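The values are calculated or read from the model by the stated rules, or taken from the named source; none is laboratory data. These figures come from a predicted structure and were not determined experimentally. FYI the Cβ positions are ideal-geometry reconstructions off the backbone, even for glycines, and counts take in every protein chain you see. Accessible surface areas use protein heavy atoms only, side chains included; no ligands, DNA or RNA. Shrake-Rupley method; radii C 1.70, N 1.55, O 1.52, S 1.80 Å.
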Amino acid sequence: MEFQDWSNGDEIKRQAQQISWDDFFGMGKSDKTIFLNNSRTRNPFHVLFSQQFNRRILDLICQVAEKAREIRKDRRDGRRFLRDLLFDVHALNFFAQPSSRTFLSFGTAQKYLGMDREDIRDPSISSEAKGESWFDSVRTFSAYADLLVLRHFDKDAVEKAAWVLNKSDRRIPVINGGSGPDQHPTQALLDIYTLYRAFGGKIDGKTIAMVGDLARGRTVRSLAYLMKNYEDMQLVFVAPERLKMKVDIKSFLLRHNIPFYETDDLREVIGEVDATYMTRIQDEHDKGGKKDEPAPVDPRFQFKFEYLDLMREHAVILHPLPKRDEIDLRVDDCGDPRVAYWDQERNGVYTRLALIATIFEKEQEILNF
Ligand code: NCD
């Protein structure tokens, strides 16, 4: 009998060549992780979904993000050091759905790391429009890049990319920048980093309210999966009947003994929670692409100005943004330090910087600076 040693990347590639897309897709998330993580460091290589992360990786990303932020305060030597780290790495950012923050913060992180980059934001001008298969398109991207960041309306596009790259001769990492209504793992990482900063590194034991479109909001879905990495977490889902959190997430939480509650009025719970995570109604899924004026949000799922008085002293308000009227405009600039969503945007740059640096095995160099 031969002992199977998968710690060598070549063996992963050999195994990957033998798995069809259907078999790969059908594998459980945790079984798939071996094809997604760096077999030597156990850190992520491809970043597809939140279930890939464990506590060690989450703590590492937060520490590297924090350190990179500090290094950049040294405008000369610090910034130069970061710019030298990945000067030879070329990123391709392929965004087939609208994006401001995710796109700009990936680009900014890449710039801080000295990387070269190419952006594709309009898939109608690339060869998919001529009938090229997605698998071939991804292979083609990999001929010109060392890293692929992908946002796509097909929830499986990024997984298809990882599958085809794994068996190719240019196995470059792919990062999910938003996969349809399914997941947005790098947003979840930056949300965790925001909580980490807000609570002095202590996320365990917190209760988080998630408010709004929980059925189609990929950010809350990815964040909910990360809860299993922390002790004594509780979730409160505040959503209209038709936009309630889906059963796949609820069964995941049950399986991991994470208590969750459901209500249809934010006022009821605002004084009990440590963080309130507001979201936008994802009505682009309602109208088949037709652009109507968005309907005003139901007041029960709105953050009202007077809720600041009801909130706990240390609690924070988060929002992945973009927002509409789900937060009273007076909250934006009221100067209350518990309003954390503007910092959250900025945290996206450092989180993505830390993630890219870790994928390319530069995280220790940053920590040792
Ligand atoms: C979110 C997204 O695209 O999923 N935005 C983001 O990346 N910060 C949330 C949204 O569009 O509502």
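Data overview
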item	result
Residue that is farthest from the ligand (Cβ to nearest atom), among those in segment 105-126 that are more than 17 Å from Ala65 (Cα to Cα) and open to solvent by 50 Å² or more (accessible area, probe 1.4 Å)	Asp116
Enumeration of residues in segment 262-272 that are within 22 Å of Ala295 (Cβ to Cβ) and open to solvent by 30 Å² or more (accessible area, probe 1.4 Å)	Asp264, Asp265, Arg267
Residue satisfying all of: in segment 351-364; closer than 13 Å to Gln63 by Cβ and of a type outside the set (A, V, I, L, M, F, W, C); most open to solvent (accessible area, probe 1.4 Å) among these	Gln364
Ala275 vs. criteria away from the ligand (no atom under 16 Å from the Cβ) and either under 25 Å from Cys62 (Cα atoms) or open to solvent by less than 60 Å² (accessible area, probe 1.4 Å) (or both)	yes
Residue in segment 303-318 that is open to solvent by 20 Å² or more (accessible area, probe 1.4 Å) and within 16 Å of the ligand (Cβ to nearest atom) present	no
Number of the condition not met by Asp156 [criteria: (1) without any contact (Cβ under 8 Å) to a residue 12 or more places away in the chain; (2) surrounded by fewer than 17 Cβ atoms within 10 Å (Cβ to Cβ)]	(1)
Close pairs from segment 217-228: first open to solvent by less than 10 Å² (accessible area, probe 1.4 Å), partner modelled with pLDDT under 95 and within 15 Å of the ligand (Cβ to nearest atom), Cβ under 7 Å, at least 6 apart	Gly217/Gln282
Tally, over segment 322-350, of residues that are surrounded by 17 or more Cβ atoms within 10 Å (Cβ to Cβ) and within 12 Å of the ligand (Cβ to nearest atom)	7
Sole residue being open to solvent by less than 20 Å² (accessible area, probe 1.4 Å) and modelled with pLDDT under 95, chosen from Ser168, Ser133	Ser168
Any hit, segment 189-204, residues being within 11 Å of the ligand (Cβ to nearest atom) and open to solvent by 10 Å² or more (accessible area, probe 1.4 Å)	no
